[in-house]
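Below is one structure, written out as structure tokens; the observations come after it.
The values are calculated or read from the model by the stated rules, or taken from the named source; none is laboratory data. The structure displayed is predicted, hence computed values, not measured ones. In this analysis, Cβ positions are derived from the backbone assuming ideal geometry, glycine residues included, and neighbour counts consider all displayed protein chains.
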Amino acid sequence: MQTRIALVDCNNFYVSCERVFRPDLIGKPVAVLSNNDGCIVARSKEVKDLGIKMGVPLFQVQQLVNRHKIHLFSSNYTLYANMSARVMATLEAFAPSMEVYSIDEAFLDLTGVCPSDPIAYGLLIKKAVFRATGIPVCVGMGPTKTLAKLANFAAKKWPKTQGVVDLSDPERREKLLRIVPVGEVWGIGRRTGAKLDKLGIHSAWDLARQPEKRIHTLFTVVLARTVMELNGTSCLALDEIAPDKQQIICSRSFKQPITDFEGLMRALARFCARAAEKLRHQQALSHRVTVFIRTSPFKPDAPHYERAASQHLALPSQDTRHLLTVTRQLLAAIFKPGYHYQKAGIQLDHFQPITEKQQLDLFAPFGADPNRVNNTALMSAMDQVNRRFPHAITLAATGLVASTSSQGAVSPQYTTSWRDLPKVTCQ
């Protein structure tokens, strides 16, 4: 029985989430902005056709936005996460095993599920997801995850496919590989693509024809596995349980630059609190804290300053209070007055499970309270309250959210807030 993997990918996911509750915007140019409305992070097809690139700062394309009346939305991650959960819950009914690859993508193992007419099954998945959530998706199928990714690329690019492509047939697979640039293959970035191009490997087919040992020697074992996957040999299994994160980063670009130490510390305190909350959700402790700050890279005439500092913790912690103390010490070491700071962030890494035994601090004062580093009971209680009543308990160091967050066009939380439930009027 031939293996058949499907990749289901939501089309322009953030934009599609906004359009579910604003059907009047279907067919009109829509874009979603990053935190603090700084850059464009999601575009409808109409916006892409205008030549607006992903990640471009809003101020650089403001004239195009005004001229073409592009509808802008601030990021509404609460809405997007809930809509993603609904999509994934719908997909679970179509396969015995599934890997949630990202907020808008999932791999399904369809081996033996639809042997007679996989295209019809893919169309059934599309219809079911759209009916249940209002989110349009495309479905790519193949004997490997890499080919499923490539099939999904074709399903999005060519409308005649009706959004479903199956590359199980070797002849059809070869036809597609010959016309797809090598840079579109899953896992091949810009630098690797440039190196392959110098070697005369321009298409996905050119890469698939390369000897695996040669690619392994010139590049990496990962790219050698990609060659095998392009030829129908599966090297990447489905991860039904998402692995724990190896690092947690919380950062933001500020709508207005911050010049003073305390203002920057309040921003970092919020990022630290959020990172610690994610760390506790993962049931882990962090051994290292990193803080980074920088001025705007888009103002060449202004003085530029960018620094980062890290500290290894003698005792790992997930306690927001202790991590905040370390954060302040690190910021004090790298902060310089006289600069307009545009971005800051915090990174936690070097994790260990909370259940793992710890070596106590040999040089800690006799009788010192271990809770000063890691009071798990207190943090757990705080998280439980905040899950039921969002932002009910915060640390004084976080100050007012308005000082660093500025979202001028955030949509309602239609699916998670009683006051934001959409109202329907029947006439």
For Ile188, are the conditions met, namely being assigned to a helix (DSSP H, G or I), in the same structural domain as Phe107 (by TED's automatic domain parsing) and under 26 Å from the mean Cα position of the chain (by Cα)? no
Looking across the stretch 34-53 at residues that are at pLDDT 90 or above and in a loop (DSSP other than H, G, I, E, B), the single one that is farthest from Pro297 (Cα to Cα) is Ser44
With Thr233, Thr217 as the choices, which residue is among the polar types (S, T, N, Q) and either closer than 30 Å to Phe351 by Cβ or more than 29 Å from the chain's Cα centre (by Cα) (or both)? Thr217
Show the residue pairs meeting these rules: Cβ distance below 9 Å; 6+ apart or different chains; first residue within the stretch 59-71 and in contact (Cβ under 8 Å) with a residue 40 or more places away in the chain and over 24 Å from Phe254 (Cβ atoms); second residue crowded, with 19+ Cβ neighbours inside 10 Å and not polar (S, T, N, Q). Lys69/Pro29; His71/Glu18; His71/Pro29; His71/Val30; His71/Ala31
Restricting to the stretch 306-341, what's the tally of residues that are part of a strand (DSSP E or B) and under 29 Å from the mean Cα position of the chain (by Cα)? 11
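Yes or no, residue by residue, for (1) farther than 28 Å from Thr290 by Cα; (2) of a type in the set (Val, Ile, Thr); (3) at pLDDT 90 or above; (4) not assigned by TED's automatic domain parsing to the domain that holds Gly134:
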residue: Leu348; (1), (2), (3), (4): no, no, yes, yes
residue: Gln352; (1), (2), (3), (4): no, no, yes, yes
residue: Trp418; (1), (2), (3), (4): yes, no, no, yes
residue: Val424; (1), (2), (3), (4): yes, yes, no, yes
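Yes/no matrix, rows are residues, columns are (1) over 26 Å from Lys343 (Cβ atoms); (2) acidic (Asp, Glu):
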site: Val15; (1), (2): no, no
site: Gly27; (1), (2): yes, no
site: Leu33; (1), (2): no, no
site: Ile40; (1), (2): no, no
site: Asp49; (1), (2): yes, yes
site: Lys53; (1), (2): no, no
site: Pro57; (1), (2): no, no
Looking only at the stretch 153-170, count how many residues are in contact with a helix residue (DSSP H, G or I) (Cβ under 6 Å, 6 or more places away or on another chain) and either of a type in the set (S, T, N, Q) or in a loop (DSSP other than H, G, I, E, B) (or both). 3
Going through the stretch 122-156 in order, the residues found to be over 17 Å from Ile188 (Cβ atoms) and either modelled with pLDDT under 95 or of a type outside the set (A, V, I, L, M, F, W, C) (or both) are Gly122, Lys126, Lys127, Arg131, Thr133, Gly134, Pro136, Pro143, Lys156
Checked pairs for the stretch 394-422, first of a type in the set (Val, Ile, Thr) and surrounded by 12 or more Cβ atoms within 10 Å (Cβ to Cβ), second assigned to a loop (DSSP other than H, G, I, E, B) and modelled with pLDDT of 70 or more, C-beta under 8 Å and 6 or more apart or across chains, list as Val410/Ser75; Val410/Asn76
Reported set for the stretch 116-145 where residues are of a type in the set (Ser, Thr, Tyr) and over 10 Å from Ala6 (Cα atoms) is Ser116, Tyr121, Thr133
Whichever residue in the stretch 171-185 is among the hydrophobic types (A, V, I, L, M, F, W, C) and assigned to a helix (DSSP H, G or I) and, among such residues, is nearest to Lys127 (Cα to Cα): Leu176
Checked Leu330, Leu238 against criteria (in the same structural domain as Glu356 (by TED's automatic domain parsing) and either among the aromatic types (Phe, Trp, Tyr) or in contact (Cβ under 8 Å) with a residue 40 or more places away in the chain (or both)); the one match is Leu330
Of the residues in the stretch 236-267, those that are within 18 Å of Gln347 (Cα to Cα), aliphatic (A, V, I, L, M) and modelled with pLDDT under 90 come to none
Filtered residues of the stretch 153-176 (kept if of a type outside the set (D, E, K, R) and in contact with a Leu (Cβ under 7 Å, 6 or more places away or on another chain)): Ala154, Gln162, Val164, Leu167, Leu176
Which ones in the stretch 396-413 are in contact with a Cys (Cβ under 9 Å, 6 or more places away or on another chain) and at pLDDT 85 or above? Ser411
